[in-house]
1. Between residue 189 and residue 38, what is 0.36 nm times their sequence separation minus the Cα-Cα distance? Round to one decimal in nm.
2. May I ask you to sort 275, 137, 259 by Cβ crowding, counting other Cβ atoms within 10 Å and putting the fewest first?
3. Among 85, 366, 379, 221, what is the fewest-to-most ranking by other Cβ atoms within 10 Å?
4. Quick one: grab the alpha carbon gyration tensor of the stretch 215-421, order the square roots of its eigenvalues as a ≥ b ≥ c, and give me rounded if a/c is under 1.5, else prolate or oblate depending on whether a/b is larger than b/c.
5. Got a sec? How would 262, 5 order by Cβ neighbour count within 10 Å, fewest to most?
6. Relative contact order for the chain using alpha-carbon pairs under 8 Å, separation at least 6, rounded to a whole percent?
7. So for the pair residue 272, residue 138, with labels modelled 7 Å out along Cα→Cβ, what separation do we get in nm?
8. Please say if the stretch 171-327 is rounded, prolate or oblate, where rounded means a/c under 1.5 for a ≥ b ≥ c the square roots of the C-alpha gyration tensor eigenvalues, and otherwise the choice is prolate for a/b larger than b/c and oblate otherwise?
Ligand SMILES: [Zn+2]
């Protein structure tokens, strides 16, 4: 009886853990979680709590309370890295993302004492299963972090770091747990991410702290961007670098923005083309190139990651990382709006106008036929008229603006970036 209870608890917790991980892909892409997925996770959580506190003979109120608090706490820890990636996210998410491992380790004695006082086997099994999964995750992160490569911090990154730290560097590094920074012989090194290490938490460093994108991440963004450009060229799919990536190529004369957090590429798919078939063909090619791919069919967007494709639980646990190197590959389609031929996308971008179909678009001749532009040492595909297109998205783009960087952090770094450009 007791053994079967334990098995049921392990299964119930595993189900809710997996269902919850699957929902985390939405906040990572800055989308809200669909209500169906939210309802499934809530239902599974309630089942977990009820199974631990209700039996044929008793209703254990203490177990109900304890299991509820425990599960909420665990799910704050597990979800925090994904929710903290949403622009202007709550500081609660940042706190849980930053200190997740310490919070889990701190929880162990509390859970131990609670288990000693409460003789509820199902509750013990719940604690054991959840903590076991967390310890395994922390151990795997720790081992994978050994696959990082040290590189000297460049002068610009160092001066941005010193400015944001207001010359109290050690305090700043400690407060924000910038574990990648290592001091060797009075020189600062960055412990750079690799294909087999967890990614650097780029979003946090760039958008919250106002630091430069680490050079390891920029290097991987470059590699990913060049690969995707080549694959789309080979498939004869009209495409162009977009958003901040295009802005970097034009304004920074062939470089990424120093605070780039992802790569934007868009492409045009013919009305006659089958979306599902195109996605599966592209996914198969990019898997062969060693990249993980996910999609949002609703927004007609394909996400290509620098990290290797992973399957099953590994694929879902990817959503627990505090960062990622990714290309947002957005689909445009040919259409007509107010008597003009336009290329339109499902989601809005900058000040792009709404079309007759309630999508967002620009005149075809602004984008097609595409031209090429230098980006990080290679000619890549870009819009026919990048200047006008950038003005549609960003207005007067020659001024330095920081779209997603926190206001305070943006203000501090503005001087350094302006001087660097003068
Ligand atoms: Zn990195």
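Every read-out reported here was derived from the displayed coordinates using simple, explicitly stated rules and does not represent laboratory data. Source: prediction; values computed, not measured. FYI the Cβ positions are ideal-geometry reconstructions off the backbone, even for glycines, and counts take in every protein chain you see.
1. Roughly 50.2 nm would be gained on extension.
2. Ranked by crowding around the Cβ, least crowded first: 275, 137, 259.
3. Exposure proxy ranking, most exposed first: 379, 366, 221, 85.
4. The shape class here is oblate.
5. By the 10 Å Cβ count, ascending, the order reads 5, 262.
6. 14 percent
7. About 5.9 nm separates the two model spin labels.
8. Prolate is the answer for the stretch 171-327, as a/c is 1.5 or above and a/b outweighs b/c.
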